[in-house]
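The values are calculated or read from the model by the stated rules, or taken from the named source; none is laboratory data. Since we're looking at a predicted model, the values are computed, not measured. Using ideal geometry, Cβ is built from the backbone for each residue, glycine included, and neighbour counts are taken over all protein chains shown. Calculation scope for accessible area: heavy atoms of the full protein, side chains included, ligands and nucleic acids excluded. Shrake-Rupley method; radii C 1.70, N 1.55, O 1.52, S 1.80 Å.
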Amino acid sequence: MTAVGTRESKSDNSGGHFSELLKVEGKLALRTPIGIGTGIGLPLILLIVFGLIGDVQGGTVGNTGLTIIDLWVPTIMVIGFIGISISALPITIVRYREIGWLRRISTTPEPPSRLLAAQLVINLIFALATILIVIFGSELIFGASLTVGIPYFVLSIILSIAEIFSLGLVVAALVPSLTAVQGITGGLFFLLLFLSGLWVQPAQVGGVLATIMYYSPAGAAVQALLYSVFNSPPPYTAIVTMIAYTVIFAFIAIRYFRWE
């Protein structure tokens with residue numbers, strides 16, 4: 001066999017191995033559906049709750065010209081990303097490390113990095129499902145008046161997912177045990193929900209707390225998405241903030257990630 005043929009054979013085998021790995025990880029994700037529950041189920045519940053509140057109250061919020069569901073669509077999407085990347089991703093990876101699966105797969109011809117890649121692909125699929133449910137559900141069922149600017153929206157989505165998923169990988173890299181990661185991710189999950197503006201908007205609290213909320217990972221993502229779903233360029237401060245978080249979180253995750 002020629003060198004070219006050998007390389008092509010290895011490439012074909014690698015693709016086949018990864019697709020099989022993806023299928024296995026997908027089945028496991030469906031059997032322990034924490035990602036589906038927090039990343040898709042919770043946003044769906046929030047969409048229904050805020051949609052019904054908006055229908056009951058009617059009209060717009062303050063002088064914004066926007067309804068309740070209009071204002072909360074970005075927050076609901078970001079909460080979905082948080083549920084996937086903070087609740088599901090770190091717990092799965094730390095569990096794999098604790099039972100020795102990360103170490104065992106490193107002794108096989110399959111590079112262990114492909115296991116992480118498969119996890120990321122599955123969670124990105126969950127994130128895409130969340131986006132579609134929230135956007136189309138808010139418009140078709142609850143009459144949200146979104147005018148999504150595709151370039152702005154795509155940029156905001158990419159950066160939102162990149163920074164929040166990177167934060168999840170930081171947790172997976174630094175937390176040593178499944179017991180610890182369950183406690184930490186639980187606290188971090190509710191902290192990010194607060195910072196996203198789920199319970200109170202930054203404009204309502206003002207002062208230092210509002211600044212913290214605006215420049216938190218969740219707050220910056222909500223800001224960018226709020227502008228982009230109404231076809232406006234996101235604030236450059238939100239874009240720069242998300243890029244900075246992504247770089248910092250990715251560096252820490254790569255630097256300190258352990259296979260065993």
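Okay, here's what the table says:
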read-out	value
Unmet criterion (only one of (1) of a type outside the set (Ser, Thr, Tyr); (2) surrounded by fewer than 20 Cβ atoms within 10 Å (Cβ to Cβ); (3) not in a helix (DSSP H, G or I)) for Ala144	(2)
Leu209 of a type outside the set (Val, Ile, Thr), in contact with a helix residue (DSSP H, G or I) (Cβ under 9 Å, 6 or more places away or on another chain) and open to solvent by less than 40 Å² (accessible area, probe 1.4 Å)	no
Only one of Leu124, Leu191, Leu155 that is part of a helix (DSSP H, G or I), open to solvent by 60 Å² or more (accessible area, probe 1.4 Å) and without any contact (Cβ under 8 Å) to a residue 24 or more places away in the chain	Leu191
Close pairs from segment 240-251: first part of a helix (DSSP H, G or I), partner hydroxyl-bearing (Ser, Thr, Tyr), Cβ under 6 Å, at least 6 apart	Thr241/Tyr215; Thr246/Ser166; Phe249/Ser166; Ala250/Ser166
Pair list, Cβ < 9 Å and 6+ apart or interchain, from segment 202-214 residues that are touching a residue at least 12 places away in the same chain (Cβ under 8 Å) and part of a helix (DSSP H, G or I) to residues that are among the polar types (S, T, N, Q) and open to solvent by 60 Å² or more (accessible area, probe 1.4 Å)	Pro202/Thr211
The one condition in (1) over 20 Å from Ser196 (Cα atoms); (2) modelled with pLDDT under 85 that Val61 fails to fulfil	(1)
